[in-house]
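Notes follow once the structure below has been shown.
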Amino acid sequence: MKKYWLPFSICAFLLMGCATTYLQQSTNVSNVKKNYDKILVVSRSKDLSARLKTERQMVSDLNARGVKAESSIDVIKTESFNKELSEQELDDLVDKLLLEGYQGVVLTNLVDASQYSDIIPGSTRTAYMPVRYGRFGRYYSAYPATYWEPDRVETGVVYTLESCFYDITAKGEDNLQWVGRFKVKDPSDLITVIQKYSQELTTELLAQSIAP
């Protein structure tokens with residue numbers, strides 16, 4: 001089976017090749033659902049182009065559902081993802097976001113990328129073959145012939161991603177509001193995967209944690 005690799009660390013999307021959903025599970029950690037004046041969308045990727053596409057899609061989907069959201073591309077530089085921030089740096093970042101009117105942050109991060117092997121069971125099929133009788137080759141009857149197809153193994157890469165939503169107005173407290181876990185097998189089209197991931201994320205956030 002051909003393997004596909006997407007050019008970014010977070011949306012290396014981003015459950016199964018032909019599955020109908022990427023979302024595996026989600027939890028409203030705070031058990032609170034409320035309105036937010038402005039939300040920052042952050043996609044932790046070292047690939048600037050992929051990050052930009054992902055954040056813009058999520059912003060577009062949130063805005064279309066009545067939630068004011070903006071991309072982090074001009075607020076948090078890519079270099080910030082290359083190192084762990086100190087507590088002071090995190091506090092300074094939150095203060096900056098609050099001053100700019102942000103109340104919530106959606107953060108998406110690649111959790112794991114691992115090889116998988118699936119065994120596809122074999123099958124049988126039966127065809128009826130004609131039997132010739134007589135010197136002129138007339139088809140008189142038929143007999144069954146069974147064909148066996150062996151098991152086969154498909155391999156590839158499955159990506160696990162996690163999106164978290166934080167209420168940054170609850171400074172100094174545990175402010176995680178919602179978390180969702182997503183999986184994608186062998187993604188082949190970056191744009192299609194980003195669109196689908198964003199739609200599922202937006203739908204789940206509005207259903208559980210964000211009131212438009």
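The values are calculated or read from the model by the stated rules, or taken from the named source; none is laboratory data. These figures come from a predicted structure and were not determined experimentally. As a convention, Cβ positions derive from the backbone with ideal geometry for all residues, glycine included, and neighbour counts pool all protein chains shown.
Residue-by-condition table, conditions (1) over 18 Å from Y166 (Cβ atoms); (2) touching a Leu at 6+ places or on another chain (Cβ under 8 Å):
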| position | (1), (2) |
| --- | --- |
| N28 | no, no |
| Y36 | no, no |
| L40 | no, yes |
| R65 | yes, yes |
| S71 | no, yes |
| L107 | no, no |
Checklist outcome for this item: Scanning the range 153-167 for residues that are under 20 Å from V41 (Cα atoms) and among the charged types (D, E, K, R), the one surrounded by the most Cβ atoms within 10 Å (Cβ to Cβ) turns out to be D167
Next on the checklist: Can you find, within the range 29-46, the residue that is modelled with the lowest pLDDT among those that are under 18 Å from the mean Cα position of the chain (by Cα) and farther than 20 Å from K183 by Cβ?
Outcome noted: K46
Checklist entry - Taking into account only those residues within the range 64-77 that are loosely packed, with under 15 Cβ neighbours inside 10 Å and either in a helix (DSSP H, G or I) or among the acidic types (D, E) (or both), which is modelled with the lowest pLDDT? => result D74
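Check every one of the strands (runs of 3 or more DSSP E) wholly within the range 114-212 and list those with 1 or more residues that are within 19 Å of L23 (Cβ to Cβ) and at pLDDT 75 or above.
Where strands (runs of 3 or more DSSP E) fall fully within the range 114-212 and carry at least 1 residues being within 19 Å of L23 (Cβ to Cβ) and at pLDDT 75 or above, they are 152-167, 176-185.
Go through the range 93-105 and give me each residue that's within 16 Å of Y166 (Cβ to Cβ) and either of a type in the set (G, A, S) or over 25 Å from the mean Cα position of the chain (by Cα) (or both).
Of everything in the range 93-105, those that are within 16 Å of Y166 (Cβ to Cβ) and either of a type in the set (G, A, S) or over 25 Å from the mean Cα position of the chain (by Cα) (or both) turn out to be L93, V94, D95, K96, L97, L98, E100, G101, G104.
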Checklist entry - In this structure, does E100 turn out to be surrounded by fewer than 18 Cβ atoms within 10 Å (Cβ to Cβ) and among the charged types (D, E, K, R)? => result yes
Checklist entry - Taking the range 78-101 on its own, how many of its residues are over 22 Å from L205 (Cα atoms) and outside any helix (DSSP H, G or I)? => result 5
Checklist entry - Can you pull out the residues in the range 19-41 that are assigned to a loop (DSSP other than H, G, I, E, B) and over 20 Å from I168 (Cβ atoms)? => result A19, T20, T21, Y22
Checklist entry - Which pairs do you get when a residue that is more than 16 Å from S198 (Cα to Cα), found in the range 152-169, comes within reach of a residue that is basic (K, R), reach meaning Cβ atoms under 8 angstrom, with the pair 6+ apart or on two chains? => result T155/K3; G156/K3; G156/K185; V157/K3; V157/K185; V158/K183; V158/K185
